Amino acid sequence: MASEQKKTEYQEYVKQNSPKTNLPLQMGKAFIMGGIICCIGQLIVNIATKSFGLDKEIAASWCSMILILLSALLTGFNLYGGLVKWGGAGALVPITGFANSVVASAIEYKTEGQVFGIGCKIFTIAGPVILYGIFTSWVLGVLYWIGKLMGIV
């Protein structure tokens with residue numbers, strides 16, 4: 001009986017102290033923020049193909065690198081956090097959010113030194129994602145190689 005009452009009290013406490021969010025508004029903001037990032041990326045690709053005469057694949061590579069650089073710079077100047085606060089997942093999901101997580105970890109641990117701070121902790125958040133990507137690509141590469149040897153692929 002007492003545990004049921006504590007559970008009810010705790011649920012009321014959580015309800016009172018949880019931030020109130022407007023889900024449609026948050027979704028709209030995320031859509032707008034993600035759209036702005038995508039439009040910037042498309043602008044970079046268009047400029048690279050038309051002004052510099054690059055083909056689309058190379059322009060897309062340059063676009064990724066420039067977006068990562070912009071995200072790292074905005075994180076370093078403590079501006080990307082405001083974009084994330086306003087745009088939510090719209091700013092966190094694209095490649096810019098991944099770059100933000102790596103740079104933010106490096107900034108957070110820089111006081112612990114170059115090796116034990118930045119070197120060891122830089123991939124705290126992004127490390128599992130990188131590891132999963134590398135491991136998955138390795139497994140798929142081995143399967144593709146085996147398929148080529150057997151004449152399947």
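The values are calculated or read from the model by the stated rules, or taken from the named source; none is laboratory data. Source: prediction; values computed, not measured. FYI the Cβ positions are ideal-geometry reconstructions off the backbone, even for glycines, and counts take in every protein chain you see.
Considering only region 21-38, I want to know if a residue exists there that is among the charged types (D, E, K, R) and either surrounded by 12 or more Cβ atoms within 10 Å (Cβ to Cβ) or not in a helix (DSSP H, G or I) (or both).
Yes, some residue in region 21-38 is among the charged types (D, E, K, R) and either surrounded by 12 or more Cβ atoms within 10 Å (Cβ to Cβ) or not in a helix (DSSP H, G or I) (or both).
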Checklist entry - So which residues in region 39-57 are over 17 Å from Phe98 (Cα atoms) and in a helix (DSSP H, G or I), if there are any at all? => result Cys39, Gln42, Leu43, Ile44, Val45, Asn46, Ile47, Ala48, Thr49, Lys50, Lys56, Glu57
Next on the checklist: Can you go through Gly76, Gly53, Gly90 and tell me which one is surrounded by fewer than 17 Cβ atoms within 10 Å (Cβ to Cβ), of a type outside the set (D, E, K, R), closer than 30 Å to Lys110 by Cα and at pLDDT below 95?
Outcome noted: Gly76
Next on the checklist: Looking at region 106-124, can you tell me whether even one residue there is at pLDDT 80 or above, buried (at least 17 other Cβ atoms within 10 Å of the Cβ) and in contact with a helix residue (DSSP H, G or I) (Cβ under 8 Å, 6 or more places away or on another chain)?
Outcome noted: yes
Checklist outcome for this item: Log entry, pairs with first residue in region 27-49 being without any contact (Cβ under 8 Å) to a residue 60 or more places away in the chain, second being outside any helix (DSSP H, G or I) and surrounded by 15 or more Cβ atoms within 10 Å (Cβ to Cβ), beta carbons closer than 6 Å, six or more apart or on different chains, reads Ile37/Pro94; Ala48/Leu54
